[in-house]
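Everything below concerns the one structure shown next.
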Amino acid sequence: MVSRRGAASSLRVLLDRGFRFTIIGGTVVEYALGSRDLGDDVDLFGEEPPPLLEEEYYGVAHELGWSSGQTWLGTPRLIARAAGEEVPLEFFDNVHDFYVPEPMLERAERVVMDGVRVKMVLLEDHIVLKAHAGRGSDIERLKEIGRYVKKGRLHVSRDLVREAVEFFGDEAPVLLRRLREAGLL
């Protein structure tokens, strides 16, 4: 598991080297829950440099003594060593079937994680990204998030969810159905 401290420490190193990114994955949910552990990795939408310029990512990893590899999409995956732990950082871009609408990145919030200011998509946007991905594991995670909402552990704005669904145009009806089935609308 990745701790808040480990994630923050790793991200600070990259921010100090001019990297810009937005947290988009399960870390968003764990952060909103106030969890100490943020999951198995930190998923990031790479903005600067673009993840398709992978040599810049691998060069920094080499310079820092970090391991590197690729995500399931062939984009950079760095294994940072920070705060006494290994922190997998997976960088994504809008390639193949992976898509994060620009308005989600524009309205991402700045949060402070263990003293480090980072950009993170809204919880509502993360939920819609999960619905868009639509894999079995994503649907199960949506149902889990729905249970957190029902128990009052998470607050989700249905208006923001509906707004985010509209970012996907013609796919909106499918996303709305998935979100209703998960108890999120």
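Rundown of residues vs (1) among the hydroxyl-bearing types (Ser, Thr, Tyr); (2) open to solvent by 40 Å² or more (accessible area, probe 1.4 Å); (3) under 16 Å from the mean Cα position of the chain (by Cα), yes/no style:
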position	(1), (2), (3)
ARG17	no, yes, no
ARG20	no, yes, yes
GLY26	no, no, yes
GLY34	no, yes, yes
VAL42	no, no, yes
PRO49	no, no, no
LEU53	no, yes, no
GLU56	no, yes, no
TRP66	no, no, no
With region 79-134 as the region, which strands (runs of 3 or more DSSP E) entirely inside it contain at least 1 residues that are touching a Ser or Thr at 6+ places or on another chain (Cβ under 6 Å), more than 22 Å from PHE168 (Cβ to Cβ) and hydrophobic (A, V, I, L, M, F, W, C)? 85-92
List the residue pairs whose Cβ atoms are under 7 Å apart, where the first residue sits in region 91-102 and is free of Cβ contacts under 8 Å to residues at least 12 places away in the same chain, the second is buried (at least 17 other Cβ atoms within 10 Å of the Cβ) and part of a loop (DSSP other than H, G, I, E, B), and the two are 6 or more positions apart or on different chains. ASN94/VAL100
Those residues that are assigned to a helix (DSSP H, G or I) and open to solvent by 10 Å² or more (accessible area, probe 1.4 Å), I need them from region 1-15; list them, please. ARG4, ARG5, SER9, ARG12, VAL13, LEU15
Taking region 153-185 as the search range and keeping residues that are open to solvent by 60 Å² or more (accessible area, probe 1.4 Å) and assigned to a loop (DSSP other than H, G, I, E, B), which one is nearest to PRO103 (Cα to Cα)? HIS155
Quick check: anything in region 65-72 part of a strand (DSSP E or B) and among the hydrophobic types (A, V, I, L, M, F, W, C)? no
Hits in region 89-118 (condition: open to solvent by 60 Å² or more (accessible area, probe 1.4 Å) and on the phi < 0 side of the Ramachandran plot): ASN94, ASP97, TYR99, GLU102, GLU106, GLU109, ARG110, VAL112, ARG117
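The values are calculated or read from the model by the stated rules, or taken from the named source; none is laboratory data. Model, not experiment: these values are computed from the prediction. Methodologically, a virtual Cβ is constructed for each residue, glycine included, from the backbone with ideal geometry; neighbour enumeration extends over all protein chains shown. Each accessible area value is taken on the protein alone, full model and side chains, heavy atoms only, with ligands, DNA and RNA left out. Shrake-Rupley method; radii C 1.70, N 1.55, O 1.52, S 1.80 Å.
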